[in-house]
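Working notes for the structure below.
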Amino acid sequence: MAEQWHGRYFNACSPIAQLKSVAAADIINLPLIAIDDVDKLKQAGQAAVFALYNRWREVASTKNAFVLLLSGERAPLGTQVREDLRTRLGWDLVFRLRLLSDEERAEAIRSRASDRGLHLSPEVMNWVLTHYERDMSRLIALIDALDHYSLTRKRHITLPLLRDLLAEGHLPT
């Protein structure tokens with residue numbers, strides 16, 4: 001059975017008292033705390049994030065460790081927040097997330113198909129990229145479902161097979 005993760009999510013619209021309460025707790029019994037839009041928090045919210053960040057660093061190698069996941073519009077050192085928070089956010093691992101271009105999306109689909117030992121014809125690739133949802137998680141789910149469907153039907157992946165899959169509604173939601 002998969003491990004269950006429970007945590008707390010905050011954003012700039014969340015009641016600041018809740019974020020302060022978590023930051024001030026003697027023991028934080030949450031495996032994950034996620035805070036979106038750190039750059040949009042007011043001073044009190046930024047102070048709570050600063051306190052929470054310091055707690056995270058203090059307990060990182062103890063049994064009370066938790067994951068702290070923060071997001072903002074810009075890289076930490078370019079974020080308009082109080083200086084002590086800005087510099088702390090720049091100390092750790094930072095990822096820049098962006099939407100994939102059409103070419104990158106096609107390459108990601110080809111890579112997923114290749115990892116599964118699938119060959120997608122240009123016709124199938126073109127149809128998927130022009131007629132299906134653009135969300136990568138849905139595109140990956142389509143490739144996985146198409147792989148399973150082709151195996152159960154003992155048919156090569158073709159545009160008619162893809163259309164049959166979609167018509168029968170065998171996609172995860």
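Bear in mind these aren't lab numbers, they're just calculated from the coordinates by the rules spelled out. Note that this is a predicted model, so its numbers are computed, not measured. Positions of Cβ are generated from backbone atoms using ideal geometry, with glycine treated the same way; all protein chains shown enter the neighbour counts.
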Contour minus Cα-Cα span, SER114 to VAL67, at 0.36 nm per residue, comes to 13.6 nm
Among [x] 18.7; [y] 19.4; [z] 20.8, the value of Kirkwood radius over Cα pairs in Å computed for this structure carries the label [y]
Amide H proximity to LEU32 below 5 Å, modelled H, separation 5+ or other chain, gives ARG8, VAL67
Low-density loop trypsin sites (Lys or Arg not before Pro), the stretch 27-97, at most 12 other Cβ within 10 Å, DSSP non-H/G/I/E/B, are LYS42, LYS63, ARG74, ARG96
The answer for chymotrypsin sites (Phe, Trp or Tyr not before Pro) in the stretch 66-173 that fall in a DSSP coil and have at most 12 neighbouring Cβ atoms within 10 Å is TRP91, PHE95
Stretched fully, the stretch from GLU103 through ARG82 gains (0.36 nm per residue minus C-alpha distance, one decimal, in nm) 3.7 nm
With Cα coordinates, the longest principal axis of the chain makes an angle with the long axis of helix 43-59, in degrees rounded to 10, of 80 degrees
The stretch 81-173: relative contact order from alpha carbon pairs under 8 Å, six or more residues apart, as a whole percent, is 25 percent
Nearest 10, in degrees from 0 to 90: the angle of helix 122-131 to the longest Cα principal axis of the chain is 50 degrees
Nearest 10, in degrees from 0 to 90: the angle of helix 136-153 to the longest Cα principal axis of the chain is 40 degrees
The ratio Rg/Rh over the Cα atoms of the stretch 59-119, Rh being the Kirkwood inverse mean 1/r radius, stands at 1.20
Only helices counted: for the chain, with every DSSP H run of 4 or more residues adding -39500 (n - 2.57) and the sum spread over all residues, [θ] at 222 nm is -15500 deg cm²/dmol
